[in-house]
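Structure record follows, encoded as structure tokens.
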Amino acid sequence: MFDDLETKIINQLQESFPLCSQPFAKLAEQWQTDEQVIINKIQALLDQGILTRFGPLYNAEKLGGAFCLCAMQVKGQDWDTVVSIVNGFTEVAHNYQRQHRLNMWFVLATETPEAIAQIIQQIETQTQQKVYAFPKEQEYYVGLTLSLS
Amino acid sequence: MMKQLSATDKQLILATQAGLPLCAKPYQQLAQQLQLTEQQVIAKLEQFIQCGIIRRIAVVPNHYKLGYTANAMSVWDIDDDFIDALGEKMAQLPFVSHCYQRPRHLPIWPYNLFIMLHAKDKSTIHTQIQQIKQQLQPHYQRYELLYSSKILKKTGLRLNP
């Protein structure tokens with residue numbers, strides 16, 4: 001399903017990408033290919049949605065911002081309306097439907113910690129439904145990368 | 001707490017948060033755009049990595065498209081006295097991608113430990129759950145497994161520093 005170069009890009013570049021003048025040339029040397037071939041391949045993987053991002057992954061908390069996982073219990077007849085209201089907030093970074101009484105789970109990313117409570121309140125007002133907040137109290141370090149065999 | 005960021009820092013963050021330019025010299029291209037030198041851009045990004053503003057420079061795959069279609073959030077009701085020790089232990093498991101302590105919302109939500117699992121099928125998830133159970137005994141009361149059935153939205157983080 002994935003060729004050798006795609007597998008290398010996905011497995012190795014999830015960990016880190018070189019920070020030097022010609023990073024693709026450096027990879028090309030290691031992988032014995034051409035830098036333009038790598039560039040084109042990454043572009044193709046992005047275009048196909050196999051990669052969702054390429055670049056620096058910022059830690060919003062270090063920039064003064066905040067994250068908060070939230071959940072809602074949304075009834076079937078309200079589902080589409082609530083999805084469009086919640087997704088309409090630019091502060092909603094991810095939103096997943098999950099199989100549970102709490103069936104909508106989303107992550108808020110805001111520029112200030114105070115904004116989390118404000119956005120939650122706005123969502124509650126607009127949807128007329130309760131938002132359960134699950135702020136992170138402790139993060140246990142992990143370093144998983146998804147591997148292709 | 002807002003870190004002290006210079007005007008240049010902010011410009012660099014704004015220019016790169018959607019991604020790096022896909023060209024042979026991406027840092028040089030950023031430098032031109034921001035009227036800096038390539039060396040300044042590289043040094044600044046290195047500094048951001050060192051202080052944790054940037055977690056890493058990398059590619060982010062879509063789990064589903066890699067065949068990791070079973071993505072489960074396992075949630076556990078753990079005795080408060082043991083949660084830190086057990087959280088650290090769970091984070092060491094090779095199939096765990098995130099592990100967090102979060103608040104309970106009684107009565108609807110008694111769970112305080114969230115462990116994210118990824119696999120190519122549900123039977124693998126169940127094997128992982130058995131392993132977790134063994135390690136958490138006797139300090140968990142109950143657990144649930146929430147599968148994601150649909151991505152409703154997934155955008156990268158957008159900051160406006």
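The values are calculated or read from the model by the stated rules, or taken from the named source; none is laboratory data. All values reported here derive from a predicted model rather than from experimental measurement. In this analysis, Cβ positions are derived from the backbone assuming ideal geometry, glycine residues included, and neighbour counts consider all displayed protein chains.
Overview of results
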| read-out | value |
| --- | --- |
| Residues located in the range B:17-55, provided they are on the phi > 0 side of the Ramachandran plot and either more than 7 Å from every other protein chain (Cβ to nearest Cβ) or among the basic types (Lys, Arg) (or both) | B:Gln35 |
| Of the criteria (1) at pLDDT 95 or above; (2) farther than 21 Å from B:Ile151 by Cα; (3) facing another protein chain (nearest Cβ under 10 Å); (4) touching a helix residue (DSSP H, G or I) at 6+ places or on another chain (Cβ under 8 Å), which one A:Thr33 fails | (3) |
| Number of positions in the range A:105-135 that are free of Cβ contacts under 8 Å to residues at least 40 places away in the same chain, within 14 Å of chain B (Cβ to nearest Cβ) and among the charged types (D, E, K, R) | 1 |
| Residue count for the range A:65-83, restricted to those that are of a type in the set (Gly, Ala, Ser) and facing chain B (nearest Cβ under 10 Å) | 2 |
| Any chance A:Leu102 is facing chain B (nearest Cβ under 8 Å), in contact with a Phe, Trp or Tyr (Cβ under 7 Å, 6 or more places away or on another chain) and farther than 27 Å from B:Ile49 by Cα | yes |
| Within the range A:71-122, tally of residues that are hydroxyl-bearing (Ser, Thr, Tyr), surrounded by fewer than 16 Cβ atoms within 10 Å (Cβ to Cβ) and closer than 26 Å to B:Thr69 by Cα | 1 |
| Strands (runs of 3 or more DSSP E) contained in the range A:35-119 and holding at least 3 residues within 30 Å of B:Ala24 (Cα to Cα) | A:51-58 |
| Criterion (touching a helix residue (DSSP H, G or I) at 6+ places or on another chain (Cβ under 6 Å) and among the aromatic types (Phe, Trp, Tyr)) met by exactly one of B:Phe48, B:Phe95, B:Phe82 | B:Phe95 |
| Near pairs, Cβ below 8 angstrom, 6+ apart or cross-chain, from the range A:50-64 (at the interface with another protein chain (Cβ under 7 Å from one of its Cβ atoms) and closer than 30 Å to A:Lys8 by Cβ) to any residue that is of a type in the set (Asp, Glu) and in a helix (DSSP H, G or I) | A:Ile50/A:Glu6 |
| Residue, farthest from A:Glu91 (Cα to Cα), within the range B:103-143, restricted to residues that are facing chain A (nearest Cβ under 7 Å) and within 22 Å of the chain's Cα centre (by Cα) | B:His118 |
| Extreme residue, nearest to A:Gly55 (Cα to Cα), among residues of the range B:29-39 that are without any contact (Cβ under 8 Å) to a residue 12 or more places away in the chain and not aliphatic (A, V, I, L, M) | B:Gln29 |
| Which numbered condition A:Cys68 fails, given (1) surrounded by fewer than 17 Cβ atoms within 10 Å (Cβ to Cβ); (2) within 17 Å of the chain's Cα centre (by Cα) | (1) |
